[in-house]
1. Determine whether Ala125 is small (Gly, Ala, Ser), surrounded by 10 or more Cβ atoms within 10 Å (Cβ to Cβ) and assigned to a helix (DSSP H, G or I).
2. Consider segment 71-89. How many of its residues are free of Cβ contacts under 8 Å to residues at least 24 places away in the same chain and in contact with a strand residue (DSSP E or B) (Cβ under 7 Å, 6 or more places away or on another chain)?
Amino acid sequence: MGRRHHRPLIEPELFAQVQDVLARRHRGTRDQTWKHYLKGLMWCARCEGRRVFEPARSQDGRPHFYYRCINRQGGECDLPRFRLTVIEHAVEAHCATIAVTETERAEVRAALREALDAQLSTTKALRQRLRTEMTRLDSREDAYLELVGDLNWPKEKLTKKMREINLERQLDTVPSTN
C-alpha cells in the first residue's frame, strides 16, 4: 500500500517559522523556580485547596508575587489571589498570637533530645560496623600479601584479590543515602 500525498495546509516556510518561535519559548520547561518560606504551607480557607506561589509582572515589567488557590484556575474556587506582602503580614500577625507554654517547651526539648540521641546511637553503631569491616579487610589484605613471596601463587589472581579488597574498602567509606 503506497503513501498518499496531500496538499500541505500551510507553506513549509510558515511551518518552520512557527517551529522556531515554539523552540524559543521553551514551552513545558521552567526557566526559573521561586523559593519562599511559606511555599507549600498555605491552604485555601474556602475550598481547602493548596495555595500556590505565583510570580507576575506589572505592565512596566516590575515583579509582583501572589498566593492563589490552585482550584481558582479550574473555576472551582472564587477566592481572589492575595499579594505576597498581605499574606506575610497576616502570617506574622498570627504567629505573634501563638504562645508556647513552659510545658510545651520542655516536651519539644525532650523530643529533640530523644531524636538526637537516636541519631547519635545509629551513627555510633555504623562507625563500629565500619571499623569491624575495615579490620576484616586489613586481615584479608595481610593474608594475600604473605602470599606474594610464594612463587606458586598466580600474580594475576593475587592482583585481582587486592583490587577486590580496595573496591570493598571504597564502598564501605561511601556514605549511604538511606
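None of the figures in this text is laboratory data; all of them are computed from the coordinates on show. Just so it is clear, the structure is predicted and the values come from calculations on it, not from any experiment. For neighbour counting, all protein chains shown are included, and Cβ atoms are generated from backbone atoms with ideal geometry for every residue, glycine included.
1. Spelling it out, Ala125 is indeed small (Gly, Ala, Ser), surrounded by 10 or more Cβ atoms within 10 Å (Cβ to Cβ) and assigned to a helix (DSSP H, G or I).
2. Result for segment 71-89: 2.
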